[in-house]
Amino acid sequence: MGFNELLNCDEVISGATDSIIMHKSFQMMKKYNIIKAVTSGSKMNEWKKANPDGIISSLMFLLSDKISPDSVRTIIKRDSIKVIGELGPQYEGLPADAPAYEPYWALAEELEIPVGIHLATGPPGGFLMGFKAIRGAAGNPLNLENVLVKHPKLKVYVMHAGWPWIDNMLNLLYLHPQVYVDISYINYMLPKEEFSLYLKRLVGAGFGKRIMWGSDQMIWPESIKAAVESVKSAKYLTEVQKKDIFYNNAVRFFNLNMN
Ligand SMILES: [Zn+2]
């Protein structure tokens, strides 16, 4: 039995080259009216050059990349970085408040750069897929609490809305109103019913103004379709709530000038 059968998932096609993936992604952005896309990775500068209005430059790194805080400061200036993310201490088996990350949190607060942190469970079967250091427990959203207390001016959003830690996620959102979440990846990776239950809890608890749509499409531009549809087709959301998730909340959080 293959991995797909074990996981009971549909297939999504990628592209044969980096260039095809980029152009397919731009096509999907146009098709689904995605005006701005926070983008990170080794091809980020190429994407930004090809689509300067649509791409928001973001810096993603792990401790194993050995980029010192000083280097991060230099890269932010050099590449006009507007967001740090995604940060993925969980992939290194570390909680969000691991001491090794402290200088980077301090830098983000100082430079007033929003940070997106991966707090969830990573790819299904991640450990067997080669992410040897990944640990579910390190993704607990409450691990972020010490960081927030230490850096009250830090702007941070929890990627993948911390799935499946719903109670802890609500706890964090309730106590720390500056925290936002995005619903990237879970909006196309999870079975629809589970995604609906999770999003319903977030909205039902009163946090509809702090949820941002995202794709986390990686190398699968076509996943954007499913990621949009799962929100668009949600009968439990009002049109106003959908507009907040798709647009208004991100404009506010990233302080986007949309004129
Ligand atoms: Zn992630």
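Structure notes:
- Considering each residue of the stretch 203-212 in turn, at least one proves to be open to solvent by less than 30 Å² (accessible area, probe 1.4 Å) and within 15 Å of the ligand (Cβ to nearest atom).
- Annotation: Ser40 fulfils all but one of (1) polar (S, T, N, Q); (2) within 15 Å of the ligand (Cβ to nearest atom); (3) touching a Lys or Arg at 6+ places or on another chain (Cβ under 6 Å); the unmet one is (3).
- Residues in the stretch 78-92 that are part of a helix (DSSP H, G or I) and within 16 Å of the ligand (Cβ to nearest atom) were compared, and the one that is surrounded by the most Cβ atoms within 10 Å (Cβ to Cβ) is Gln90.
- Among all positions in the stretch 177-190, there is at least one residue which is under 20 Å from Pro114 (Cβ atoms), part of a loop (DSSP other than H, G, I, E, B), away from the ligand (no atom under 16 Å from the Cβ) and open to solvent by 20 Å² or more (accessible area, probe 1.4 Å).
- Selection of the stretch 73-107 for residues being of a type in the set (A, V, I, L, M, F, W, C) and touching a strand residue (DSSP E or B) at 6+ places or on another chain (Cβ under 7 Å) yields Ile75, Ile76, Ile81, Val83, Ile84, Leu87, Ala96.
- In the stretch 154-170, the residues that are over 11 Å from Asn140 (Cα atoms) reach residues that are within 14 Å of the ligand (Cβ to nearest atom) and in a helix (DSSP H, G or I) with C-beta atoms within less than 6 angstrom, at least six apart or across chains, in these pairs: His160/Ile186.
- Any pair with Cβ under 7 angstrom, 6 or more apart, that starts in the stretch 178-200 at a residue that is closer than 22 Å to Val156 by Cβ and ends at one that is open to solvent by 30 Å² or more (accessible area, probe 1.4 Å) and within 13 Å of the ligand (Cβ to nearest atom): Ser184/Asp216; Tyr185/Asp216; Ile186/Trp163; Tyr198/Trp163
- The set of residues from the stretch 111-140 being more than 16 Å from the ligand (Cβ to nearest atom), over 21 Å from Gly214 (Cβ atoms) and surrounded by 13 or more Cβ atoms within 10 Å (Cβ to Cβ) comprises just one member, Leu111.
The values are calculated or read from the model by the stated rules, or taken from the named source; none is laboratory data. This structure is a prediction, so every number in the text was calculated from the model and none was measured. Reconstructed Cβ throughout: ideal geometry from the backbone, glycine too, with neighbour counts over all protein chains shown. Calculation scope for accessible area: heavy atoms of the full protein, side chains included, ligands and nucleic acids excluded. Shrake-Rupley method; radii C 1.70, N 1.55, O 1.52, S 1.80 Å.
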